[in-house]
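Asker: Here you go, one structure.
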Amino acid sequence: MSRPLTREKIASHIRDYFQRLSAPLPAGSSSGKLAKLTPCEHEVLAFLSKGFPDKETADSLRISIWTVNGHVKNIFKKLGVHSRTGAVVKFLKK
């Protein structure tokens, strides 16, 4: 019988997965694009990278869920990605 995964192990597996995903990217390719993000967009992206749903991100930052959605759209556009996974990979590559 296998033991259930702890939060720490799950987080470690997720972190390892994204590090493997970002390995083939050329170094420094996303750092310039990340610099174009506003401080609010950086905060939202940090929550995104930790797997927080939009509602929890909104509550934590004391903004509306619509504002979070707007920031996410701007992040996608500025980073040139089409998914949350793509945004997080670029964020973790910094």
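No lab work stands behind these numbers, since they all come straight from the coordinates. Given the structure is predicted, the values throughout are model-derived calculations rather than measurements. Counting neighbours? That spans all protein chains shown, and the Cβs are built from the backbone with ideal geometry, glycine included.
Asker: How high is the relative contact order of the range 28-93, in percent, counting Cα pairs under 8 Å that sit 6 or more residues apart?
Answerer: Values: 53 pairs, mean separation 28.8, N = 66.
Answer for the range 28-93 is 44 percent.
Asker: Also, quick follow-up: With a point put 7 Å past each Cα toward its Cβ, work out how far Ala46 is from Asp16 in nm, to one decimal.
Answerer: With each label point 7 Å from Cα toward Cβ, the separation is 2.7 nm.
Asker: Rounded to the nearest 20 debye, what is the charge dipole size of the range 28-93 about its Cα centre when +1 sits on each Lys and Arg Cβ and -1 on each Asp and Glu Cβ? Intermediate results must be reported in sequence, preceding the final value.
Answerer: On the way: 11 positive and 5 negative charges, 62 e Å.
The calculation lands at about 300 debye.
Asker: What order do you get for Lys77, Lys93 when you list them from fewest to most C-beta neighbours inside 10 Å? Don't skip to the answer; put the middle values down first.
Answerer: Numbers: Lys77 11, Lys93 19.
So the residues, fewest neighbours to most, are Lys77, Lys93.
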